[in-house]
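K.L.:
My structure is below; once you've seen it, I'll send some questions.
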């Protein structure tokens, strides 16, 4: 695998994607937490405040907040600023519904903690249909 690690997980929304990881140890709220026009995290005090999710593999434990978050995920996709894929420790209905309508690959329930195994800046290849990701560590 040439300096890559493989992590198995469960598919929620299928697809293939890749991109640099953007990792948060804190949950993310899409409604009020991410600007749907720019893809920038705007939640005050969030560790990723000011970072853009566009084209990134967004890794976080789980979502939080309103069911409107599903439509924010869809808006991100319509505006061309959605994450390439989302990886959660354990996803919930808000994130799953948003990714399904936006056609964003989504995985969860990995064999190891993805928020600990993946770091911001690592390059991640997501193979949701085959239920694994490959991570190229930035330090390699």
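K.L.:
Taking a virtual spin label 7 Å from the Cα of residue 90 along the C-beta vector, which residues in region 37-72 bring their backbone nitrogen under 18 Å of it?
P.N.:
60-65
K.L.:
Further question: Mind checking the angle between helix 93-102 and the chain's longest principal axis? C-alpha axes, 0 to 90 degrees, to the nearest 10.
P.N.:
Helix 93-102 and the main axis of the chain meet at about 90 degrees.
K.L.:
Which of the following values of Rg and Dmax of the Cα atoms in Å was calculated from the structure shown: (i) 13.4, 41; (ii) 14.9, 43; (iii) 19.3, 67?
P.N.:
(i)
K.L.:
For helix 69-78, report the angle its Cα long axis makes with the longest principal axis of the Cα atoms of the chain; keep it between 0 and 90° and round to the nearest 10°.
P.N.:
80 degrees
K.L.:
Now a separate question. As a check on your grasp of the helix formula, calculate [θ] at 222 nm for the chain: sum -39500 (n - 2.57) over DSSP H runs of n ≥ 4, divide by the residue count, round to the nearest 500.
P.N.:
Working: 3 runs with 24 residues, N = 140.
So the calculated ellipticity at 222 nm is -4500 deg cm²/dmol.
K.L.:
Also, quick follow-up: I need the calculated FRET efficiency for the pair residue 16 and residue 109, taking r as the beta carbon distance and R₀ as 25 Å, to the nearest 0.05. Present the calculation step by step, with values, prior to reporting the outcome.
P.N.:
Working: r = 19 Å, r/R0 = 0.76.
E(calc), rounded to 0.05, equals 0.85.
K.L.:
Same structure, new question: Which order do 46, 108 fall in if you start with the one that has the fewest other Cβ atoms within 10 Å?
P.N.:
Values: 46 17, 108 20.
Starting with the residue having the fewest Cβ neighbours, the order is 46, 108.
K.L.:
Further, regarding this structure: Report, for the chain, the % of DSSP beta bridges that are antiparallel, rounded to 5. Don't skip to the end; give the middle numbers.
P.N.:
Details: 20 of 30 bridges.
Taking every DSSP beta bridge within the chain, about 65 percent pair in antiparallel fashion.
K.L.:
Still on this structure: Which order do 51, 78 fall in if you start with the one that has the fewest other Cβ atoms within 10 Å?
P.N.:
Ranked by crowding around the Cβ, least crowded first: 78, 51.
Laboratory data are not the source of any read-out in this text; all were calculated from the coordinates shown. Just so it is clear, the model here is predicted, and its values are computed rather than measured. Quick reminder, even Gly has a Cβ in these numbers, built from the backbone with ideal geometry, and neighbours come from all protein chains shown.
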